[in-house]
Structures are given as C-alpha cells and as structure tokens.
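Below is one structure, written out as structure tokens; comments come after it.
What follows is calculated from the coordinates using simple rules that are stated; it is not laboratory data. All of these numbers come straight from a predicted model, not from anything done at the bench. A quick note on method: Cβ atoms are made from the backbone with ideal geometry, for glycine too, and the neighbour counts reach across all protein chains shown.
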Amino acid sequence: MGIMDGVRDARPAAAAGAGAPPLRLADDWERLAYLREVCELLWPPTAEMTLHGGAHGWPQITGAMRARARGGSARPEGRDFVLIPGVRHPRLLVPAAPARAAAAALRQYGQPRSWAARMGVAAFALGLAGGLGGTLLGVRVRVTAPPEAESIESYLKSVLSPDIRVSIRLGPARANRKPVLQLHTTSGTSAGFVKIGFNPLTRDLVRAEAASLAWLQSVGLDGISVPRVIHHGQWHGMDVLVLSGLPVWRRRRGLSGARLSAAMETVARVGGLQEGTLAGDAYLKQLRERMEVADPGAERSALLEALDTIAGTGMCTGLTFGAWHGDWSPWNMASTTGGLLVWDWERFASGVPLGFDALHHWLQSEVGPQHRDPLAAATDCFGRAAALLAPFGIDPAPARLTASLYVADVASRYLVDRQAAAGAPLGAPGTWLIPALVAEVARYRAGQNGTH
C-alpha cells in the first residue's frame with residue numbers, strides 16, 4: 001500500500017468521528033499525502049513522521065516512514081513543525097521553534113495583497129512569534145530521526161549556515177510539483193528559497209531555472225529583479241537549487257498595462273529578436289519535436305494536425321521571435337515601489353513568437369482566481385490577441401496567429417508533462433486548449449477556401 005492510500009484510508013473514519021465538515025479529497029487530503037511523500041524525500045529512511053490532531057480532535061496519523069533507528073544508534077531526536085492553517089487546508093509547514101522563524105515563514109508565504117488578508121496574516125504571524133502556534137492551530141507534525149542521520153536540513157546547514165531553519169510549502173497537484181522550501185535564520189531573517197528536483201521532469205526544470213537565472217543575472221534586465229542563484233548541487237540523487245528571496249515586503253505599486261508590456265518586451269529582447277523563415281521554421285520544428293514524446297492519442301493527433309495547418313499558411317515567416325518567461329502570471333510577480341519582481345523562471349525559453357508572455361498572463365488571469373470557464377477563455381484568447389499584442393507593434397492578423405501558436409505551445413507542454421495524470425487543475429488540454437485551437441484552425445481553413 002502506497003503513501004497516498006494510507007492517508008486516504010484514514011480520512012472517512014476521522015471525519016465522521018469528529019463531526020467536522022467534509023474535506024476536499026482532491027485538495028486538502030491530497031496535500032497531506034504529498035507532505036508525507038516530501039518528508040520521505042527530505043529525511044532519512046530511519047525517520048518517522050507523526051501528525052498530531054490536537055484541538056481539532058483528529059486522531060494521530062502515523063506516516064509511512066516507520067523504520068526506526070536500530071543497533072547502536074543514538075536516541076532519536078524530534079523536530080516539531082506547525083501545519084498552517086491546519087489539517088483541513090494544509091498550505092505551509094513551519095518550524096515550531098524558534099517562534100520568530102515560524103512567524104517570518106508565514107509572513108513570506110503568499111504575500112496577500114488585500115488589506116484584510118494582510119491584517120489576517122499579520123495577526124497569525126504575531127501569534128506564532130509569541131509562541132502560540134500550538135494553541136492557535138493545534139496541529140503539529142513531528143519528524144523523529146537519529147541525531148547523526150542526514151537530512152535536507154543538515155545538507156543545507158553544511159552548504160549555507162548552521163543557523164538555517166526550513167519550512168515546506170504544500171502546493172496543489174501537478175506534474176511539475178516539487179518540494180519548495182523557505183529558509184529563515186533563527187532570528188527570523190529570510191535566507192532564500194530551495195527547489196528540489198527529484199524526478200526527470202522536476203530535475204530538468206530545476207536545472208533549466210538555474211541556468212536561466214545565472215544567464216539573466218549576467219546580462220541584466222532593466223527594471224526587473226530576478227532571484228539570484230546561491231547554490232546548485234546534488235543531494236541523494238536530487239537537484240537542490242537555493243535562490244535568494246526577492247523584496248516582496250516592499251510597498252506595492254499599481255502596474256499599468258503599458259508598464260507590464262514594456263517589461264515583457266524587455267525579457268523578449270534579452271537575447272535579441274529574430275524574423276524570417278529560419279526563425280519560424282526553427283520554432284515549428286522545436287514544437288513538433290516536443291510533441292514526439294507525448295503519449296499517442298486523439299489529443300496529440302489533433303494538436304499535430306493543427307500545427308500542420310498553421311505551418312501551411314506560411315504566415316509564421318512574418319512573425320518576430322524572442323524570449324519569454326514561460327509562466328508569467330500574476331502570482332509569479334509583484335510590482336513594488338522598488339521595481340518589478342518576477343520569479344519562477346523554470347520555463348524560460350528563447351526562439352518563441354513575440355507576445356507569448358502577454359497572452360499567457362491574460363489567459364492565466366482569466367482561468368485562475370476568476371474561475372472563468374476555461375474553454376470560453378481559451379477561445380476568447382484569439383479575439384483578444386490584437387489588443388493584447390498591440391503594445392508590441394503586432395498587427396491583428398499576426399497577433400491572432402501568435403495566439404494560435406501560444407495555445408498550441410501550452411497544450412503541448414501539458415501533454416508532454418502528463419499534467420492530467422498528475423491531477424493538475426486544467427491539466428487536460430483536450431478539454432479546453434485543443435478544442436479552442438481546433439475551432440480557430442477551422443476558421444483558417446474556411447478563409448483559405450473562401451467560405452465563411
């Protein structure tokens with residue numbers, strides 16, 4: 001029986017006995033299962049993880065890491081963490097002590113923008129700083145391991161500082177989900193973030209981000225701050241990337257559409273712009289090669305057929321190609337009085353049509369917090385392309401073509417990464433991205449045939 005099975009088996013009886021509202025299996029309990037898997041990765045096999053339900057009335061759930069120290073090992077030592085905001089909606093695991101490190105981790109997490117949200121986080125952090133974590137939450141996770149055992153904490157302390165304390169972020173299910181750690185000193189000073197690549201996909205992404213950030217740091221981005229690579233190494237077969245934190249605590253500044261477009265164009269031009277047949281052919285070739293490793297099926301076939309139709313128009317030769325962030329969404333940036341902060345550069349790439357970042361930012365904004373119907377939003381992306389890409393000097397016809405290539409690019413990414421199998425929200429492009437693209441391609445065909 002796997003880790004996921006163990007957690008899910010524990011849920012129904014606990015929920016019924018506590019008389020609590022039903023939990024969201026697809027989210028909250030999945031994150032608890034993921035927490036256990038992360039602990040297995042980051043602590044030794046001789047460790048044991050235990051979740052204490054405390055004031056919520058939840059029974060103790062013992063993790064899958066059951067092996068205890070044997071032989072002449074010293075008495076195991078326990079490390080206590082607090083689960084925030086609790087077992088029902090787990091988002092962050094912070095050290096129970098020292099209290100200042102826990103409070104700092106909470107302040108750093110999410111950086112809510114609304115006044116009410118900021119006040120709520122401030123009150124919560126104040127309670128943690130005062131040592132009330134157990135009283136406020138009643139949910140603790142204890143990781144017990146022999147004192148000589150190697151863990152991610154001991155590794156980070158050896159390469160950074162003995163004063164480091166680790167917090168763990170618990171994100172939603174997706175194929176590229178990886179352990180992301182926040183680092184703080186015992187005094188509560190932020191010491192950066194850690195991304196850990198533990199399988200082929202996440203290792204590739206961690207390595208790509210390390211290389212991209214190192215290059216961007218050397219060339220510079222006017223008006224844009226990006227994380228700095230502090231350390232990139234391997235630990236127990238996993239890639240460990242330590243990045244500096246960005247000053248997200250600075251006062252926020254309104255971000256106009258013109259300023260955002262200018263920043264995106266700065267990124268696009270960082271390696272130079274290209275035009276013409278060679279640039280268009282190189283991009284289409286790269287996209288088709290990516291699709292070769294996708295699982296065979298109707299979605300892949302429809303996507304390849306759409307690409308063939310787009311290539312057949314010959315319009316790609318008139319596009320301008322440059323670089324893009326790859327996942328420039330509202331939650332991967334902050335506009336402050338000190339400038340624009342942009343993070344999560346693992347999808348950075350060059351040789352893509354100019355304007356991809358603007359289209360991605362708009363579409364993710366539509367299907368993210370607003371929860372708009374994904375198919376309607378993807379379909380609307382083509383009609384909105386002219387206005388979205390006008391700041392880049394792109395005319396309506398090539399703008400619409402750029403939107404088609406953008407939708408195809410993101411759909412191919414989801415297919416190749418197998419996001420649907422990982423349970424990612426909107427991870428099945430066959431339900432929204434590909435149908436929208438197929439309808440748009442049908443419009444091209446109708447135009448070529450002189451029909452309406």
- Task: Quote to one decimal, in nm, the extra length available between residue 258 and residue 418 on full extension: 0.36 nm per residue of separation minus the C-alpha distance between them.
- Result: 54.1 nm
- Message: If each residue of separation counts as 0.36 nm, what is the full-extension length gain between residue 275 and residue 219 once their alpha-carbon separation is subtracted?
- Response: 18.0 nm
- Query: So which trypsin sites (Lys or Arg not before Pro) in the stretch 369-419 are both in a DSSP loop and have at most 15 other Cβ atoms within 10 Å of their Cβ?
  - Reply: 372, 418
- Item | Mean separation of Cα contacts under 8 Å (6+ apart) over length of the stretch 267-336, as relative contact order % | 59 percent
- Item | Rough spin-label spacing in nm, given labels placed 7 Å along Cα→Cβ, for residue 301 and residue 445 | 1.4 nm
- Residues residue 248 and residue 390, FRET efficiency given R0 of 41 Å [Cβ-Cβ distance, rounded to 0.05]: 0.85
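GluC sites (Glu not before Pro) within the stretch 260-334: which are DSSP loop residues with at most 13 other Cβ atoms inside 10 Å?
Sparse-neighbourhood loop GluC sites (Glu not before Pro): 292.
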- Message: Give me the one-decimal nm value for the distance between modelled label points at residue 329 and residue 228, 7 Å along each residue's Cα-to-Cβ direction.
- Response: 2.9 nm
- Task: Read phi for every residue in the stretch 218-223 and hand back ³J(HN,Hα) as whole Hz from Karplus 6.51 cos²θ - 1.76 cosθ + 1.60, θ = phi - 60°, with x for Gly and Pro.
- Result: 6, 8, x, 10, 4, x
- P(r), alpha carbons of the stretch 132-245 - 5 Å bins starting at zero, rounded %: 2, 10, 17, 21, 20, 15, 8, 4, 2, 1
